[in-house]
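This report refers to the structure that appears directly beneath it.
The values are calculated or read from the model by the stated rules, or taken from the named source; none is laboratory data. As the structure is a prediction and not an experimental result, all values here were calculated from the model. Note that each Cβ is placed from the backbone with ideal geometry, even for glycine, and that neighbours are counted across all protein chains shown. Just so you know, the surface numbers come from the protein's heavy atoms only, side chains and all, with ligands and any DNA or RNA stripped out. Shrake-Rupley method; radii C 1.70, N 1.55, O 1.52, S 1.80 Å.
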Amino acid sequence: MKKRSRHHNSAAYIGVGILQGVILCHRRRIHLLPLISAVSGCILFFFALLSFLSPPINNHHTSDQETEVWSHVGKPTAFLVPPSRDEGSARRNLWTSLQSRFYYGCSEKSQNFLEAKAKTNPSRFLLIATSGGLNQQRTGITDAVVAAYILNATLVVPTLDQKSYWKDQSNFSEIFDVDWFISYLSKDVKIVKELPAINGRVVTPYHTRVPRKCNQGCYQSRMVPLLDKKKAVILTKFDFRLSNRLATNLQKLRCRANYHALKFTQPILEMGQMLVQRMRKKSKHFIALHLRFESDMLAFSGCYYGGGDEERRDLQQIRKRWKTLHKRNPDRERRQGRCPLTPEEVGLMLRALGYDSDVHIYVASGEVYGGETTLAPLKALFPNIHSKDTITTKQELSPFASYSSRLAALDFMVSDQSDVFVTNNNGNMAKMLAGRRRYFGHKPTIRPNAKKLWRLFMDRNNMTWDEFSTTTRDYQTGFMGDPDEVKPGRGEFHENPVACICKAEESKPMIHSKVDVETSETSETDDEEDVENENRSHVARLASRDGSDLGHMVNLENPELEEIFSD
């Protein structure tokens, strides 16, 4: 007990000592408080001065030697485009398609194809009024040849649309060689320049319209009774009025009309060829870029490009021209790949695919929305940018300057003969050129896989250039114009004329494209699916009736039986 008592006494003494020490320290702290405050203030002032004089800390490059800068979470925050191609892109040929030598255009008629003199009804005359810009009109012209053949009718040289956005007053013979057109197709379809008197009297054509994607049975059931009754019928707004799925002989007729019968007039041919030659003098190889970034194209797309309220007002005003055009969600259009790439995005895609900054590019376009400000990022990536305006004089271009379709024809000719054709959109010129370049040798044709690329463009500052370029090349597989990259039956026939392309076991000399070509515009039917209104047995009966070959009819085993809507 005494021992425990001594321990308690010791603890008590220690506690009292600690308490006295605390009290003493507190009294001293009160006296030292002004000194401590002064020293603290000096220290804070020193750190503030140091922070002001030091350079800011950021995540941007401070040296040209740096290739990437990483944040604290381990992701790159810088994006540098190298001046030349990387090793991955250098391993492939940028200017040719290696398998193209095994494919060639073949649109010759078969032995069982009935010629015009054996099937044309002398009392039936078909007229058409085309719609849209020059390429959209060209689809109507080629399809009208097939429609006349189906209907056993004489085709009157088509009337071109002179009231569309482009307001070009040119007629058929001022753009196309009308005599060549009639002569080349004379064994397929009888064509006349004007509607003659029928049975000794002048006939006023009956106006009507067929549904979009109308097939062989559709034309025969709707039009034959009208032709027999009215003798002359004019089909208005004739664009995309023929099905993508037809018998092979009819598809080949389509190709003969498009790739051989339609040839530009001599003034257009000569001027177009001069443009090509001037581009060849600048470089061994060149790219043609069909850059649809005009205000009407952007308005029609329903997309947004970062121009703020001014852009929204401008494009909304233009959209009012299309009364039936519904309001679109810009974000959704972008996600679905329906927005044309910006000039900068096109440039980044091409650099990622391996094209160096010294490549010469011919830009085929109208007036770019935003002008030089919009084009500046593309020119920074590719300084050698040209157009028909920069490689000609005003005097040389003056005969074409007042005619948008003729100017567009010149752009089409240069694009057709370029080593590589690139487009930032999926409009009519892009589709027509894609099909034409397949037919005449599968020349490289780069269409952006916009449905995948849009997110890559948005996230590019969160990855290295190597990651961006590798992913771009992966996404663009199947969008480079190589043979067999498009499944048969997919897309517009004008874009993928599979029935008119043959494969040889050994390389065969390719048919070389002549300089007979055209323009650009947007179609409201770009995203339409093919529609058919006849089943297989009915199509087969009609085909056997006129000797058509159904052996290669696309998806004949399982046709899509969808309703045809007329607009």
Tensor-based shape of segment 80-228 (alpha-carbon gyration tensor, a/c under 1.5 rounded, otherwise prolate or oblate): prolate
Rounded Å value of the spacing that divides the Cα centres of segment 337-375 and segment 150-214: 38
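Shape call for segment 183-319 from the C-alpha gyration tensor, a ≥ b ≥ c root eigenvalues: rounded (a/c under 1.5), prolate (a/b greater than b/c) or oblate? Walk me through the intermediate numbers first.
Values: a/c = 2.27, a/b = 1.43, b/c = 1.59.
Oblate, because a/c is 1.5 or more while a/b does not exceed b/c.
Once the piece of chain linking E396 and S173 is laid out straight, how much longer is it, given 0.36 nm per residue of separation minus the C-alpha distance between them? Don't jump to the answer; show the numbers that get you there.
On the way: separation 223, 0.36 × 223 = 80.28 nm, distance 2.15 nm.
The span from E396 to S173 would gain 78.1 nm if fully extended.
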Using the Cα gyration tensor of segment 189-252, with a ≥ b ≥ c the square roots of its eigenvalues, what is the shape: rounded (a/c below 1.5), prolate (a/b larger than b/c) or oblate (neither)? prolate
Note, segment 379-393: 3J(HN,Hα) by Karplus (6.51, -1.76, 1.60, θ = phi - 60°), whole Hz, Gly/Pro = x, goes 5, 5, 7, 9, x, 8, 9, 10, 8, 4, 6, 8, 9, 9, 9
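Give me the percent of accessible area attributable to carbon and sulfur for segment 124-203, probe 1.4 angstrom.
On the way: 1460 of 3050 Å².
In segment 124-203, the share of accessible area belonging to carbon and sulfur is 48 percent.
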Extension gain R490-Q99, at 0.36 nm per residue separation less the Cα-Cα distance, in nm? 138.7 nm
Amide H partners (placed H, <5 Å) of I198, local residues excluded: V203
Measuring from a point 7 Å past the Cα of K282 along Cα-to-C-beta, which residues in segment 322-346 have an amide N at less than 20 Å? 343-346
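At 1.4 Å probe radius, can you tell me the per residue accessible area of segment 372-496 in Å²?
Details: 4890 Å² over 125 residues.
Per-residue accessible area for segment 372-496 comes out at 39 Å².
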Cβ crowding within 10 Å averaged over residues, with 320-333, 358-371, 169-182 ranked highest first: 358-371, 169-182, 320-333
Obtain the nm distance between the two label points defined at E115 and E310 by a simple spin-label model: each point lies 7 Å from its Cα along the Cα-to-C-beta direction. 6.4
Just to confirm my numbers, what's the Cα centroid distance between segment 310-328 and segment 268-309 in Å? 23
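Counting only protein heavy atoms and using a 1.4 Å probe, what share of the accessible area of segment 212-309 belongs to carbon plus sulfur, as a whole percent? Provide the component values of the computation, followed by the final result.
Values: 1440 of 2890 Å².
Carbon plus sulfur share of accessible area: 50 percent.
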Each residue of segment 109-125 in turn: what ³J(HN,Hα) in whole Hz from Karplus with 6.51, -1.76, 1.60 and θ = phi - 60°, glycine and Pro shown as x? 6, 8, 5, 8, 7, 6, 7, 4, 5, 8, 10, 6, 7, x, 9, 10, 10
Among 216-223, 433-440, how do they line up by average Cβ neighbours within 10 Å per residue, starting with the highest? 433-440, 216-223
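Note the full-extension length gain between Q266 and N329 as 0.36 nm times their separation in residues minus their Cα-Cα distance, in nm to one decimal. Spell out each step's value before the answer.
Numbers: separation 63, 0.36 × 63 = 22.68 nm, distance 4.51 nm.
That works out to 18.2 nm of additional length.
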